[in-house]
Amino acid sequence: MNKEQAKKRIEELTKEINEHNYYYYVLDSPLISDFKFDLLLKELDQLENDFPEFLNTNSPTQRVGGEVTKEFAKIKHKYPMLSLGNTYSMQEVIDFDERVRKVIGNDFEYVCEFKYDGLSIGLTYIDGNLKYAVTRGDGEQGDDVTANVRTIKSIPLTLHGSDFPDEFEIRGEIIMPHKSFQRLNDEREEIGETPFANPRNAASGSLKMQDTKEVSKRGLDCFLYYLLGENLPFNTHFENLKTARNWGFKISDYNKKCPNIKGVLDYIKEIDIKRKTLDFDIDGVVIKINSFNQQEMLGYTAKNPKWAIAYKFKAEQVSTKLLSIDFQVGRTGAITPVANLEPVQLAGTIVKRATLHNADQIEKLNLHNGDFVFVEKGGEIIPKIISVDESKRDLINSKKVEFITNCPECGTLLFRKEGEAIHYCPNDTGCAPQIKGKLEHFISRKAMNIDSLGEGKIELLFENDLVKNPLDLYKLTYEKLFNLGKSYTSEESGKTRTVKFKEKAAENILKGIEESKKMPFERVLYALGIRYVGETVAKKLAFHFRNIDALKNAAFDELINVEEIGNRIAESIITFFSKQINLDLINNLKIVGLQFEINENLTLFVSDKLKNKSFVVSGVFTKYSREKIKKIIEENGGKIISTVSSKTNFLLAGESMGPEKKKKAEALNVPIISEEEFLKMLE
Ligand code: IVH
């Protein structure tokens, strides 16, 4: 095949595969078998390999991923991403209708849509090709997640037809269907990773992953609900969306035009029933005015359009039977009672467990063994037990639930501080879940960030007696790690899966551990897992005391004089340093090379001096690297943005700065400052 022929065939195949993707993922009615589809894809892949000059980033072969994004670039939204005013009350929807009619009279149409429970995304198309996919971020600018979004098969990479504007944006919601969610969580449980609490968190976690290959396996989907641009085909929302469906977008069949508020209220009632049978989560209904002219007449508040409102459904509740209660031990020794329930379908997923929080909560519910309980799933939270159906209680046989007195893992007598709701196991150095929990905290992203040691792996190292405290991590060797493995059997599927550290995994783990020695003092302090010393408190303490010895020797009064440090935290710090085992650990970690003091060269500046100031940083600098400059800006309360706009306060210019940025800053009268001038601002 010559070049000319290859180019032609690549174009034909691209078109054909895109068409099949559309029928499969958008219309849900495939035209050909998976086998035939794979053959087409293989042929295209082969041709692109042979003629790489014709490989396009929007080719359907690129949907499987392969790219790794280290950090997402920020992109400013051309049109700010607003949110919607929302309500849980039908009466307020009627009030909304009255407000609307006062401004635009009675001659208008409503459009009712699902309120998808996912993450908003803005897709920009230029000449029919997907250019950017940007998350909401702060509404002004978001993360460039284009590479990840390309892997979502229901999003067209090139549009069908030709009647679309040269440039436009379409917004929608990235969701994780229940089927994908259940599969993902089953897999995570099998390998000992924490399952996601709900499909929205899972979608959000997936979209922020660095490896597009992983994202492509997550089974994400995307519904579109809002078109923006200069030359849209119609002056009405509903008709534009209907047309966009022909361009290849997934637009819901449930979008409905309603002539009046009665139609809207009927739609809400209908969808409140329908939603229980959907394969994805919606958390309400969005009601919009159809005509753009009338939308303009109604206008906007600072955050929301006045031409739309979201009606949110109240969280669904179901009743089910309490089978037993597990008492889980956390890394700090805190005991959390978790109810095992007769599995029940709730808001799209099967619920088997619910948190009971603490002893007070059990007391408040007056919970008895074998009770029927009402379970609810609200927003972010794992299901919780709302109340008990006392009418179904077996009055003769059932006994009140008693909180345990001893640790279920190590048998130590539990204690509960006066005035606190939580029971603790005090055996922090000998109780397995506490040891594992502390190790997991130590390696976690915000602490030492040893991501080559995900949760399941700590378990494996612990079970093989290789790691009992953070110091042991630094004693690991290739020989100890290589070929270490474990088989997991899933309770549900019965399938067995083996995890084994091969050459690469062992090397990566050691590399990650070695890298962690560079982590700054504030992160090491946080990683130690001192009770109540979270990320922010660790930073405050580290910057105030500058090194671990000063912190160790600080008296109670000195501690509480530090901003944000109260009695409870001060006491906890003193208790921590009063234990020889902790002092030994710190000494040994110092010896292996961890940072126990602030690197004075790196944190010359920590202040609020740049508060409310936004900077675009461009070019090469002499005294500090660009990354370091950005860090200094943030450490002093400033904000980094990626593109110059009228809202930018300063363009910080190094050598060989982008000429476009300079031009734009000059045009918008944004001050351009040098590295020296910038450093002076901090003096
Ligand atoms: S329209 C200016 N339509 O809900 C109006 N939003 O706070 C733009 N959402 O940020 C939004 N389903 O992430 C619209 N059918 C729908 C929606 C929807 C879900 C999300 C969106 C928005 C939030 C509202």
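The values are calculated or read from the model by the stated rules, or taken from the named source; none is laboratory data. None of the values given here were measured: they were computed from a predicted structure. A quick note on method: Cβ atoms are made from the backbone with ideal geometry, for glycine too, and the neighbour counts reach across all protein chains shown. With ligands, DNA and RNA removed, areas are computed over all heavy atoms of the protein, side chains included. Shrake-Rupley method; radii C 1.70, N 1.55, O 1.52, S 1.80 Å.
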(request) With a Förster radius of 41 Å, plug the Cβ-Cβ distance of Arg101 and Met1 into 1/(1 + (r/R0)^6) and report the FRET value to the nearest 0.05. (result) 0.05
(request) Mind listing the long-range amide H neighbours of Gly284? Cut-off is under 5 Å, sequence gap 5 or more, other chains count too, H placed in the peptide plane at 1.01 Å from N. (result) Lys115, Phe313
(request) Can you work out the accessible area per residue across segment 294-333, with the rest of the protein chains kept in place, probe 1.4 Å, in square angstrom? (result) 49
(request) Per residue of segment 466-474, in order, report the coupling 6.51 cos²θ - 1.76 cosθ + 1.60 (Karplus, θ = phi - 60°) as ³J(HN,Hα) in whole Hz, putting x for Gly and Pro. (result) 8, 9, 10, 8, x, 4, 4, 4, 7
(message) A 18 angstrom limit on the alpha carbon distance is what I want to check against. Which of Lys274/Lys314; Lys74/Lys131; Lys179/Lys217; Lys76/Lys217 exceed it?
(response) Lys76/Lys217
(request) Using a 1.4 angstrom probe on heavy atoms only, work out the carbon and sulfur share of the accessible area of the chain in %. (result) 49
(message) Given all pairs of different Cα atoms, what value in angstroms does the Kirkwood hydrodynamic radius of segment 574-646 take?
(response) 15.3
(message) Quick check on my link table: of Lys208/Lys256; Lys115/Lys306; Lys15/Lys242; Lys3/Lys42, which ones sit more than 27 Å apart, alpha carbon to alpha carbon?
(response) Lys208/Lys256
(message) Rounded to two decimal places and with Rh computed the Kirkwood way over Cα pairs, what is Rg over Rh for segment 137-238?
(response) 1.04
(message) Below 8 Å, C-alpha to C-alpha, sequence gap of six or more: please give me the relative contact order for segment 56-139 in percent.
(response) 29
(request) Would you compute, from DSSP H runs of 4+ residues alone, the mean residue ellipticity of the chain at 222 nm, taking -39500 (n - 2.57) per run and dividing by the full residue count, rounded to the nearest 500? (result) -10500 deg cm²/dmol
(request) Kindly give the semi-axes, whole Å and largest first, of the ellipsoid equivalent to segment 504-607, taking each as the square root of 5 times a Cα gyration tensor eigenvalue. (result) 25, 17, 12
(message) So for each of 142-149, 674-681 I average, over its residues, the number of other beta carbons within 10 Å; can you give me the resulting order with the highest mean first?
(response) 142-149, 674-681
(request) May I ask you to give the solvent-accessible area per residue for segment 553-683, in square angstrom, as obtained with a 1.4 angstrom probe? (result) 58
(message) On a straight-distance basis, which lysines could pair with Lys400 in a cross-link, Cα separation under 24 angstrom, same-chain partners fewer than 8 positions away excluded?
(response) Lys321, Lys352, Lys364, Lys384, Lys392, Lys417
(message) Run the Debye formula on the Cα coordinates of segment 340-456, all scatterers equal and no solvent, and tell me log10 I(q)/I(0) at q = 0.14, 0.20, 0.24 1/Å.
(response) -0.85, -1.19, -1.23
(request) Report the full-extension gain for the segment Lys352 to Lys540: residue separation times 0.36 nm, less the Cα-Cα distance, to one decimal in nm. (result) 63.6 nm
(request) Would you mind calculating the relative contact order of the chain from Cα pairs under 8 angstrom and at least 6 residues apart, reporting the percent as a whole number? (result) 9
(request) Sort by residue number and report every cysteine in the chain with no other cysteine beta carbon within a distance under 4.7 Å. (result) Cys112, Cys222, Cys258
(request) Report Rg (one decimal) and Dmax (nearest whole number) for segment 1-61, counting Cα atoms only, units Å. (result) 11.9, 37
(request) For segment 525-575, just run the numbers: alpha carbon Rg, then divide by 2.2 N^0.38 Å, N being how many residues it has. (result) 0.96
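Work out the length of the dipole vector of the chain about its Cα centre, built from +1 on the beta-carbon of each Lys and Arg and -1 on the beta-carbon of each Asp and Glu, and round it to the nearest 20 debye.
Charge dipole of the chain: 420 debye, to the nearest 20.
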(request) Mind pulling the per residue volume of the convex hull built on the Cα atoms of segment 398-483? Å³ is fine. (result) 153
(request) Considering the options Gly654, His544, Asn290, tell which one lies farthest towards the positive end of the dipole of the chain, charges being +1 on Lys and Arg and -1 on Asp and Glu at the Cβ, about the Cα centre. (result) His544
(request) Find, among the GluC sites (Glu not before Pro) in segment 219-275, those assigned to loop by DSSP (not H, G, I, E, B) with at most 11 other beta-carbon atoms within 10 angstrom. (result) Glu230
(request) Please work out, to two decimal places, the log10 of the ratio I(q)/I(0) at q = 0.09, 0.11 Å⁻¹ from a Debye calculation in which every Cα of segment 267-421 carries one identical scatterer. (result) -0.46, -0.61
(request) Could you sort 290-301, 535-546 so that the peptide with the highest average Cβ count within 10 Å comes first and the rest follow in order? (result) 535-546, 290-301
(message) Suppose we keep just the DSSP beta bridges with both residues in segment 547-683; what percent of those would be antiparallel, to 5?
(response) 20
(request) Mind jotting down the distance between the C-alpha centroids of segment 575-645 and segment 108-134, whole Å? (result) 38
(request) Using Cα pairs closer than 8 Å and at least 6 residues apart in sequence, work out the relative contact order for segment 433-560, in percent. (result) 25
(message) Can you compute the charge dipole magnitude of segment 64-178 about its Cα centre, using +1 on each Lys and Arg Cβ and -1 on each Asp and Glu Cβ, nothing else charged? Give it in debye, rounded to the nearest 20.
(response) 300
(message) Treating only the Cβ of Lys, Arg, Asp and Glu as charged (+1, +1, -1, -1), what charge dipole size does segment 474-597 show about its Cα centre? Round to the nearest 20 debye.
(response) 600
(request) Starting from one equal scatterer on each C-alpha and no solvent at all, send me the Debye-based log10 I(q)/I(0) for the chain at q = 0.11 Å⁻¹, two decimals. (result) -1.49
